[in-house]
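Visitor: Attaching a single structure in structure tokens format; questions to follow.
The values are calculated or read from the model by the stated rules, or taken from the named source; none is laboratory data. The structure displayed is predicted, hence computed values, not measured ones. FYI the Cβ positions are ideal-geometry reconstructions off the backbone, even for glycines, and counts take in every protein chain you see. Remember, those area values only see protein heavy atoms, side chains included, never the ligands or the DNA or RNA. Shrake-Rupley method; radii C 1.70, N 1.55, O 1.52, S 1.80 Å.
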Amino acid sequence: MTMQFNDETFRDDYTYRNSPEAIRRFPFPFDQDSYMYSVNLEPHAGGREGTPFNKRFDVDEHYVSEMRDRAITLADDPLRCQSLPHMELAGWDFLELVMDSKAEDYPDLFSLTKDGDRWHWVNRPLGIEQRFTFLDPTTLPCGPLEYITRQTQGDHALLDQREGNLWMDAGMVTSQADWSLDFDVGMNFFEWHAPVPKAHEMGIFQRALKFLLALPLSKPSRRLNWTLTVNPRLDTSPENYHKWGPEKRTVTPENVGAKQHLRVELQTLWRLPRSNAIAFPIRGYLASMEDLTTLPKWGRRLHRVLRDLPDELADYKGFTVNRPMIVDYLSKFDDGVPTSAGIYPDETGL
Amino acid sequence: MPCTEFSPSIFTRPVYADLVSRGAAPAIMLADGDGAEALIDLVARDASVMEQAHVMFIPLATNHGARLKALGAPSYHESPSFAACLERFQKALADARMGTSLYLAGTEGLIGQAMALAVAAGLAPGAIQAEHRGSIARRMQCVHCKGVTEAVTTDPFVCSHCGLTLFVRDHFSRRLGAFQGVCVDAETPGIVPPTQEIQP
Ligand code: HEM
């Protein structure tokens, strides 16, 4: 079956919608009724058929519209894509990884033909056809990282590994949960994570970094992270906070179910072969409270998680002002029945 | 005025300790205002640091110049501002040989900018030391327009480039040599909390 791509917006009139199928496959991030930071890393080695964990780089119904939104953001602010000079090779590594994976995993959408270093890339959903010479930057319309991430959902960071640390020396970041690539570029693992509450004291970043420094080739890892966003907006950047900030105060008891979205990041970690860098795609998924509560287990659980979340995390994630309204709305979907273990809803057969 | 004591904060918020002598090795020393006293104290602990030192001093409103000059560095220069000193400082960085130490002393604005330039010029981070003295004013980058406002002493403050009212974060970029300023009334335009003096 070929995929249908939605024609939708992530700004202004916000026509973004999830199909029932997209709701069913949503990467719900809570495997129990409460949440706290942890070193939640697992192998990114497939997952149940139809879920976003199944393919190396998940492509879904929002692909084409998300790429259009990225282009709008980049036209307005080219600093959302940066690459320090020594990161060019990592950019090529990542381009190869994505092209190989997408062509193999979605042969009806993408194809890649290699004749030595002369490559031919076809991206059917975006109507792109490109012949280029691998590792020759003059044969692409822009740098390799920018080229491939204009065609790949989610934000992306490339981390250089040196001095026993990881350095965020390149990235494409147009749909972030309120952090600035331009400010963070060149920082190490502990520096860019500095604003996160609690996790430093819990030793999470020390343990995670140790794991990542030893990340082997061909054995990618993944983790989920989440926040809440008002309206299905991708560009919740600090750069534009003065533009989207007022929308956070438009939530009412009547519209909270439709306006308030859970924003989940499926983060994967890949060792790159030539540069020894790590690629960090941050693939975002948005679903409204109305969407999520169509699945009773998720409605019950989301209520309990958001009700009991420590204040520091709610503050950091930026939803303290709307929290009472959200919890009140969700309480109507929580009858107190125990929930089953794991993230999958009981009803979908996934 | 002793070395500034900073309150506990996040990992990127720079904290500075006393300068430690690296002996008679070649040295670049850059100080502003009361930072001169940090260099004077350093020499009191080990006079040999001045043997191959190139000292650059921006007095701000202080009169430490004569005492600093009297420490006898082979090269001593005063500049009226950081901007005026920039070319000279960058030349010194470009000329630096392996084993050259960089000593920075004074305000956060000077330390932040000089450190960013030194790292960009290829000086090893281990060769760079900084001691904070004097004003705790911060160099702030506006996350919205990217303009840098120098010597910010209040929270919130008005971005000198785009005019937005920004709150002062502790998140600091060594590449930019600046803290991050973020619109304080983004969600509630016009409703701005009372202005406070920033604390160390
Ligand atoms: C190596 C690739 C990674 C990159 C580039 C990255 C980047 C980031 C950034 C930019 C933030 C936002 C910080 C801010 O507020 O300014 C963040 C938050 C966070 N990161 Fe990472 N991260 C990485 C890996 C990890 C790993 C492996 C963990 C594992 C535990 C982790 C845990 C967290 C947590 C808990 C937060 C707070 C999220 C929230 O509450 O919404 N990160 N990360």
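Visitor: Determine whether region B:144-156 contains at least one residue that is within 14 Å of chain A (Cβ to nearest Cβ) and either touching a Phe, Trp or Tyr at 6+ places or on another chain (Cβ under 9 Å) or crowded, with 24+ Cβ neighbours inside 10 Å (or both). Walk me through it before giving the result.
Guide: The first filter runs over region B:144-156 and keeps only residues within 14 Å of chain A (Cβ to nearest Cβ), leaving B:144-148, B:156.
This time we only want the ones that are either touching a Phe, Trp or Tyr at 6+ places or on another chain (Cβ under 9 Å) or crowded, with 24+ Cβ neighbours inside 10 Å (or both), so: B:144, B:156.
Yes, region B:144-156 contains at least one residue that is within 14 Å of chain A (Cβ to nearest Cβ) and either touching a Phe, Trp or Tyr at 6+ places or on another chain (Cβ under 9 Å) or crowded, with 24+ Cβ neighbours inside 10 Å (or both).
Residues are listed down the side, and each one gets a yes or a no for (1) in a loop (DSSP other than H, G, I, E, B); (2) surrounded by fewer than 22 Cβ atoms within 10 Å (Cβ to Cβ):
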{"position": "B:Glu131", "(1), (2)": "no, no"}
{"position": "B:Gln141", "(1), (2)": "no, no"}
{"position": "B:Ser160", "(1), (2)": "yes, yes"}
{"position": "B:Val168", "(1), (2)": "no, yes"}
{"position": "B:Phe172", "(1), (2)": "no, no"}
{"position": "B:Pro194", "(1), (2)": "yes, yes"}
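Visitor: Give region A:132-145 a look and list any residue that's open to solvent by 70 Å² or more (accessible area, probe 1.4 Å) and among the polar types (S, T, N, Q), or say none. Even if it seems obvious, please write down each step before you answer.
Guide: Filtering region A:132-145 down to residues open to solvent by 70 Å² or more (accessible area, probe 1.4 Å) leaves A:135, A:138, A:141.
Correct list: A:Thr138 only.
Visitor: Please state which of the following conditions A:Glu129 fails to meet, knowing it meets all the rest: (1) more than 8 Å from the ligand (Cβ to nearest atom); (2) open to solvent by 20 Å² or more (accessible area, probe 1.4 Å); (3) closer than 23 Å to A:Asp69 by Cβ; (4) touching a residue at least 60 places away in the same chain (Cβ under 8 Å).
Guide: With (1) more than 8 Å from the ligand (Cβ to nearest atom); (2) open to solvent by 20 Å² or more (accessible area, probe 1.4 Å); (3) closer than 23 Å to A:Asp69 by Cβ; (4) touching a residue at least 60 places away in the same chain (Cβ under 8 Å) applied to A:Glu129, the lone miss is (4).
Visitor: Do we have any residue at all in region A:175-192 that's aliphatic (A, V, I, L, M) and open to solvent by 10 Å² or more (accessible area, probe 1.4 Å)? Reasoning before the result, please.
Guide: The initial filter retains those residues of region A:175-192 that are aliphatic (A, V, I, L, M), namely A:177, A:181, A:185, A:187.
Imposing the further condition that a residue be open to solvent by 10 Å² or more (accessible area, probe 1.4 Å) reduces the set to A:177.
Checked region A:175-192: at least one residue is aliphatic (A, V, I, L, M) and open to solvent by 10 Å² or more (accessible area, probe 1.4 Å).
Visitor: Could you tell me which residue of region A:299-321 is nearest to the ligand (Cβ to nearest atom), considering only residues that are under 23 Å from the mean Cα position of the chain (by Cα) and within 14 Å of chain B (Cβ to nearest Cβ)?
Guide: Selected residue: A:Tyr316.
Visitor: Just for strands (runs of 3 or more DSSP E) wholly inside region B:27-113: which have at least 3 residues that are open to solvent by less than 50 Å² (accessible area, probe 1.4 Å)? Break it down into steps so the answer makes sense when it comes.
Guide: Details: elements: B:27-32, B:53-58, B:75-78, B:101-106.
In region B:27-113, the matching strands (runs of 3 or more DSSP E) lie at B:27-32, B:53-58, B:101-106.
Visitor: Quick one: what pairs do we get from region A:78-91, first residue among the polar types (S, T, N, Q), second not in a helix (DSSP H, G or I), C-beta under 8 Å, 6+ apart or different chains?
Guide: A:Gln82/A:Ala170; A:Gln82/A:Gly171; A:Gln82/A:Val185; A:Ser83/A:Gly143; A:Ser83/A:Leu158; A:Ser83/A:Asp169; A:Ser83/A:Ala170; A:Ser83/A:Gly171
Visitor: If A:Lys210 meets every condition in (1) within 14 Å of chain B (Cβ to nearest Cβ); (2) among the basic types (Lys, Arg); (3) more than 10 Å from the ligand (Cβ to nearest atom) apart from one, which number is that one?
Guide: (1)
Visitor: Check B:Gln180 against each of (1) without any contact (Cβ under 8 Å) to a residue 60 or more places away in the chain; (2) within 16 Å of the ligand (Cβ to nearest atom); (3) assigned to a strand (DSSP E or B); (4) closer than 23 Å to B:Ser81 by Cβ and name the one condition it does not meet.
Guide: The one condition B:Gln180 does not meet is (4).
Visitor: Same structure, new question: Of all residues in region B:1-26, how many are open to solvent by 30 Å² or more (accessible area, probe 1.4 Å), within 14 Å of chain A (Cβ to nearest Cβ) and under 15 Å from the mean Cα position of the chain (by Cα)?
Guide: Count: 1.
Visitor: Count, please, the residues in region A:167-183 that happen to be more than 7 Å from chain B (Cβ to nearest Cβ), free of Cβ contacts under 8 Å to residues at least 60 places away in the same chain and within 8 Å of the ligand (Cβ to nearest atom).
Guide: 2
Visitor: Of all residues in region A:215-234, count the ones that are in contact with an Asp or Glu (Cβ under 7 Å, 6 or more places away or on another chain) and within 14 Å of chain B (Cβ to nearest Cβ).
Guide: Residues in region A:215-234 being in contact with an Asp or Glu (Cβ under 7 Å, 6 or more places away or on another chain) and within 14 Å of chain B (Cβ to nearest Cβ): 2 in total.
Visitor: Out of all the residues in region A:157-166, which are at the interface with another protein chain (Cβ under 10 Å from one of its Cβ atoms) and near the ligand (Cβ under 10 Å from one of its atoms)?
Guide: So the first thing to find is which residues in region A:157-166 are at the interface with another protein chain (Cβ under 10 Å from one of its Cβ atoms), and the list is A:163.
Correct list: empty.
Visitor: Please work out which one of (1) away from chain B (no Cβ under 14 Å); (2) open to solvent by 40 Å² or more (accessible area, probe 1.4 Å); (3) in a loop (DSSP other than H, G, I, E, B) is the condition A:Ser275 fails and give its number.
Guide: (2)
Visitor: Of the numbered conditions (1) touching a residue at least 60 places away in the same chain (Cβ under 8 Å); (2) more than 15 Å from the ligand (Cβ to nearest atom); (3) within 30 Å of A:Asn231 (Cα to Cα), A:Leu97 fails exactly one; give the number of that condition.
Guide: A:Leu97 satisfies all of (1) touching a residue at least 60 places away in the same chain (Cβ under 8 Å); (2) more than 15 Å from the ligand (Cβ to nearest atom); (3) within 30 Å of A:Asn231 (Cα to Cα) except (3).
Visitor: Residues that are of a type in the set (D, E, K, R) and open to solvent by less than 60 Å² (accessible area, probe 1.4 Å): find the helices (runs of 4 or more DSSP H) completely inside region A:1-120 holding 2 or more of those.
Guide: Details: elements: A:20-24, A:63-76, A:88-105.
Fully inside region A:1-120 and qualifying: A:63-76, A:88-105.
Visitor: Here are some residues: B:Ile136, B:Ile198, B:Ile191, B:Ile128. Which one is away from chain A (no Cβ under 14 Å), hydrophobic (A, V, I, L, M, F, W, C) and farther than 29 Å from B:Leu68 by Cα?
Guide: Working: B:Ile136 fails: farther than 29 Å from B:Leu68 by Cα; B:Ile191 fails: away from chain A (no Cβ under 14 Å); B:Ile128 fails: farther than 29 Å from B:Leu68 by Cα.
That would be B:Ile198, the only listed residue that is away from chain A (no Cβ under 14 Å), hydrophobic (A, V, I, L, M, F, W, C) and farther than 29 Å from B:Leu68 by Cα.
Visitor: Taking A:Asp155, is it open to solvent by 10 Å² or more (accessible area, probe 1.4 Å) and at pLDDT 95 or above? Lay out the reasoning, then the answer.
Guide: Working: open to solvent by 10 Å² or more (accessible area, probe 1.4 Å): no; at pLDDT 95 or above: yes.
So A:Asp155 does not fit the description; no.
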